[in-house]
1. Determine whether LYS51 is in contact (Cβ under 8 Å) with a residue 60 or more places away in the chain and closer than 20 Å to ASP8 by Cβ.
2. Is it the case that the range 85-95 has a residue that's within 16 Å of the ligand (Cβ to nearest atom), closer than 17 Å to ALA134 by Cα, in contact with a Phe, Trp or Tyr (Cβ under 7 Å, 6 or more places away or on another chain) and assigned to a loop (DSSP other than H, G, I, E, B)?
3. Select from the range 41-58 the residues that are more than 8 Å from the ligand (Cβ to nearest atom) and either farther than 25 Å from LYS119 by Cα or part of a loop (DSSP other than H, G, I, E, B) (or both) and list them in ascending order.
4. Residues ILE9, ILE38, ILE72: which one is out of contact with any Lys or Arg (no Cβ under 7 Å at 6 or more places or on another chain), at pLDDT below 95 and in a loop (DSSP other than H, G, I, E, B)?
5. Could you say which residue among THR19, THR30, THR45 is within 15 Å of VAL95 (Cα to Cα), over 17 Å from the mean Cα position of the chain (by Cα) and not assigned by TED's automatic domain parsing to the domain that holds LYS129?
6. What pairs come up if the first residue lies in the range 55-77 and is within 16 Å of LEU133 (Cβ to Cβ), the second is part of a loop (DSSP other than H, G, I, E, B) and acidic (Asp, Glu), and their beta carbons are under 6 Å apart, counting only those six or more places apart or on different chains?
Amino acid sequence: MEEKIFSDIEYNEYLNEETLMGSKCKKCNTLFTPPRPICIDCYGTDMEWIKMKGTGKLAAFTCIYVGPHFMIEEGFDRKHPYCIGVIELDEGTKVDARIEGVDPTKPETIKVGMPLVVKYLHREKEGEKLTYLAFEPA
Ligand SMILES: [Zn+2]
């Protein structure tokens, strides 16, 4: 039998194909996004890939003015902040991602509870395809 490995590499390959995946514990049905190889509820290791719908709502957010190096390279700085949020997916799990299509210079206009839909940001770094998970207002 083929062993299923829940690695970041596989998760990223799904993201490259614009598919958001989670893992589901076959023993207790708990869902995880991003996928986990081991269930933190029952410590079960029998997990399966589950395709997420990619819709949810904003649970929390922060606007970042001084980001890590790879964000500075994308042009974000004190004058051009960006927004990071926690999204509660319709399936009930939470995932961290960039929030696009909002104005991070006006955080008062960004509302907790606003409906969001997944967006895939494709980048290339040293010839390697990378996809960042993002969400935007639905
Ligand atoms: Zn479990």
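1. Working: in contact (Cβ under 8 Å) with a residue 60 or more places away in the chain: no; closer than 20 Å to ASP8 by Cβ: yes.
No, not satisfied.
2. yes
3. First, pick out the residues of the range 41-58 that are more than 8 Å from the ligand (Cβ to nearest atom): 45-58.
The answer is THR45, ASP46, MET47, MET52, LYS53, GLY54.
4. Numbers: ILE9 fails: in a loop (DSSP other than H, G, I, E, B); ILE72 fails: in a loop (DSSP other than H, G, I, E, B).
Within the list ILE9, ILE38, ILE72, the selection yields ILE38.
5. Being within 15 Å of VAL95 (Cα to Cα), over 17 Å from the mean Cα position of the chain (by Cα) and not assigned by TED's automatic domain parsing to the domain that holds LYS129 holds for just one of THR19, THR30, THR45, which is THR30.
6. THR55/ASP90; GLY56/ASP90
The values are calculated or read from the model by the stated rules, or taken from the named source; none is laboratory data. It should be emphasised that the depicted structure is a prediction, and the values quoted were computed from it without experimental measurement. Glycine also receives a Cβ, built like all others from the backbone with ideal geometry; neighbour counts cover every protein chain displayed.
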